[in-house]
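First the structure, in the form of structure tokens, and then the observations on it.
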Amino acid sequence: MPLRTKLILLAALAIGFVLLFPSVRAIGGGILMHRTPAEAIANAAAANDRTAYTLPPGKLRKAVALERIDETLTISGTLWPPLQLVLILALGIAAKMRNLTLRLAVNRWLQCFLFVFLLLLLMTLLDLPFAIYGHHIGLVYGLSVQGWLSWLADKGKMFALEW
């Protein structure tokens, strides 16, 4: 494997670990183990004003952990697609997909549809780990009751509609 490819893969892995590290630290057994600024502010407000509503400490930790995970997934979801495209181009996958579509179809429009289908399929598969993790978090925190088979069927329907 050429050095350039190795460096690109290493950079992609490093970015992935940096982006996922906060969410791994945040869920540490389901709750944060240290006080957060939000928790300190809420406790100070509750101490000064007995009519103020605050979450119990356990629920507050859980809510803060969920917010950190959500922020991490949102940032990852924003940065990952452009990085995917760079990797697809740098690793020569786009050229291989082009060659495949040229072999399968003669018509330019059909070649275009096949290439877009392959590109969308590849990007959907590369996004799948983030989507699986997001659904898992939704189940763990009680935000979702949808089963895995139904969730996967919905993902398939969304892919078909996007294509």
(request) Confirm whether residue 42 is outside any loop (DSSP other than H, G, I, E, B) and either at pLDDT below 70 or in contact with a strand residue (DSSP E or B) (Cβ under 9 Å, 6 or more places away or on another chain) (or both). (result) yes
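Listed here are the residues, each with its yes/no results for (1) open to solvent by 90 Å² or more (accessible area, probe 1.4 Å); (2) farther than 26 Å from residue 143 by Cα; (3) under 27 Å from the mean Cα position of the chain (by Cα).
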{"site": "69", "(1), (2), (3)": "no, no, yes"}
{"site": "74", "(1), (2), (3)": "no, no, yes"}
{"site": "83", "(1), (2), (3)": "no, yes, yes"}
{"site": "89", "(1), (2), (3)": "yes, yes, yes"}
{"site": "99", "(1), (2), (3)": "no, yes, no"}
{"site": "102", "(1), (2), (3)": "no, yes, no"}
{"site": "105", "(1), (2), (3)": "no, yes, no"}
(message) I'm told residue 64 meets every condition in (1) at pLDDT below 70; (2) open to solvent by less than 90 Å² (accessible area, probe 1.4 Å) except one. Can you identify the failing condition by its number?
(response) (1)
(message) Please go through region 122-161 and give me each residue that is within 17 Å of residue 88 (Cβ to Cβ) and either of a type in the set (Lys, Arg) or exposed (fewer than 14 other Cβ atoms within 10 Å of the Cβ) (or both), ordered by number.
(response) 125, 128, 129
(request) Among the residues of region 128-163, write down those that are within 23 Å of residue 100 (Cα to Cα) and in contact (Cβ under 8 Å) with a residue 12 or more places away in the chain. (result) 159, 162, 163
(message) Can you say whether residue 113 is open to solvent by less than 70 Å² (accessible area, probe 1.4 Å) and among the aromatic types (Phe, Trp, Tyr), as far as the supplied structure shows?
(response) no
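The values are calculated or read from the model by the stated rules, or taken from the named source; none is laboratory data. Only a predicted model underlies this, so the values are computations on that prediction, with no experimental measurement involved. Positions of Cβ are backbone-derived with ideal geometry, glycine not excepted, and every protein chain shown enters the neighbour counts. Surface areas here come from the heavy atoms of the whole protein model, side chains and all, with no ligands, DNA or RNA. Shrake-Rupley method; radii C 1.70, N 1.55, O 1.52, S 1.80 Å.
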